[in-house]
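The values are calculated or read from the model by the stated rules, or taken from the named source; none is laboratory data. No experiment lies behind these values; they were computed from the predicted model shown. Just the protein is used for accessible areas: all its heavy atoms, side chains included, with ligands, DNA and RNA removed. Shrake-Rupley method; radii C 1.70, N 1.55, O 1.52, S 1.80 Å.
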Amino acid sequence: MTRIDDTPPAWDERTQLTTFLDYARDTARAKCDGVSAENANKALLSGSPLMTMSGVINHLRWVEYHWFQVVFLGEEDQGPWTDEDPDREMRIAVDFPLTQLLDEYVEQSARHRELVAGNGLDTWAKRAIRDGLHVDLRWILLHLTEETARHNGHLDILREMLDGTTGD
């Protein structure tokens, strides 16, 4: 997979925000290039037994779903998590091929890209996030960029531990 550059094609705020989120998404997928099915499901960090390549990708997919569809659009939450198992999206990831999880992430990212293109950055989310606080689409884009970039660090560590692969 070829990652996009993080330099936006235009300098308006929307283009800068969406370029950085796309770059972070592409980086996450690039970290998974060539990972075997067996390695995709290995948990290598003793303190984080759910931290697998598959688990991180599935988590990123479902985090975007939550912020765009549940919080921003106000849809009913159909995520895999439960009150008893709030990290279930990471736990069940090992039941699916990494290639499938990556394909679903790509498809969902495309839908969310369209959603963002059709709404103003100042548009408020339909659901509050905590203590009655509502966020706007701009904040959601910034948050998802931070979340994805942070998990790219986890993917870096896992990948290097799995097969020695390092990179940007």
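Key figures
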item	result
Rounded to 10°, Cα long-axis angle of helix 13-31 versus longest principal axis of the chain	10
On Cα atoms only, tilt of 53-65 relative to the major axis of the chain in degrees	10
Shape category assigned to the range 16-75 from the gyration tensor of Cα positions, a/c cut at 1.5	oblate
Percentage, to the nearest whole number, of Cα pairs in the range 103-166 over 18 Å apart	55
Carbon plus sulfur fraction of accessible area for the range 103-168, probe 1.4 Å, in percent	51
Between helix 137-163 and the chain: long-axis angle, C-alpha atoms, 0 to 90°, nearest 10	10
Whole-percent carbon and sulfur share, accessible surface of the range 23-85, 1.4 Å	49
Among GLU89, GLU38, GLU104, residue whose mean-square fluctuation peaks in a GNM of the chain (springs only between Cα atoms under 10 Å)	GLU38
Per residue accessible area in Å² of the chain, where ligands, DNA and RNA are left out and the probe is 1.4 Å	52
Calculated [θ] (222 nm, deg cm²/dmol) that DSSP helices of n ≥ 4 give over the chain, each run adding -39,500 (n - 2.57)	-17000 deg cm²/dmol
Dimensionless Rg ratio for the chain, taking C-alpha atoms and the 2.2 N^0.38 Å reference	1.04
Residue with peak Gaussian network fluctuation, the chain [Cα springs, cutoff 10 Å], from THR148, THR52, THR123	THR123
Alpha carbon centroid spacing (whole Å) that separates the range 1-53 from the range 103-133	18
